[in-house]
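The values are calculated or read from the model by the stated rules, or taken from the named source; none is laboratory data. From a predicted model like this one, the values you see are computed outputs, not experimental measurements. Cβ: placed from backbone, ideal geometry, glycine included. Neighbour counts: every protein chain shown. Accessible surface is based on the protein model in full, side chains and every heavy atom, while ligands, DNA and RNA are left aside. Shrake-Rupley method; radii C 1.70, N 1.55, O 1.52, S 1.80 Å.
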Amino acid sequence: MSVKQKEKKPLHLAKMNIKKGDTVLIITGKDKGKEGTVSRALPQVNKVIVEGLNIAKKHVRPQGQTRQGGIIEKAMPLHVSNVMLKCTECNEPTRVGHERRPMGADQKLRPVRICKHCGKAIEDRMRSS
Ligand SMILES: [Zn+2]
């Protein structure tokens, strides 16, 4: 008897508009109105970790010799819908579009994120240039 193999669900890698190194504005929650730098992007869950924001305090017990007990502060992931990307050109929080534009030294057409505000390409700080 052959059992039909369950098809593996493709890992949904939704393209996020927000990447590591971006400056974002938090638009909901307790850190609403604050800005920070994305220290980690989690595309699988559509979340980002913003440096120093959305901090959860966690009480931990001492564990062996490696960890001291006490309170640790940890930046919790925020859903991308709760943050807005700040444009590197006009410095406004904006929605993001996608286009192919000539970029870099060779002016090759590359997919870039476009600020809906000023229409300029948003810089990808983590991309080596
Ligand atoms: Zn802009």
Item to complete: Only residues that are within 14 Å of K15 (Cβ to Cβ) and over 17 Å from the mean Cα position of the chain (by Cα): list them for region 101-124, please.
Response: P111
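Please report, ordered by residue number, the strands (runs of 3 or more DSSP E) entirely within region 56-129 with at least 2 residues that are open to solvent by 40 Å² or more (accessible area, probe 1.4 Å) and in contact (Cβ under 8 Å) with a residue 12 or more places away in the chain. Break it down into steps so the answer makes sense when it comes.
Values: elements: 70-75, 83-86, 96-103, 108-115.
Output list reads 70-75, 96-103.
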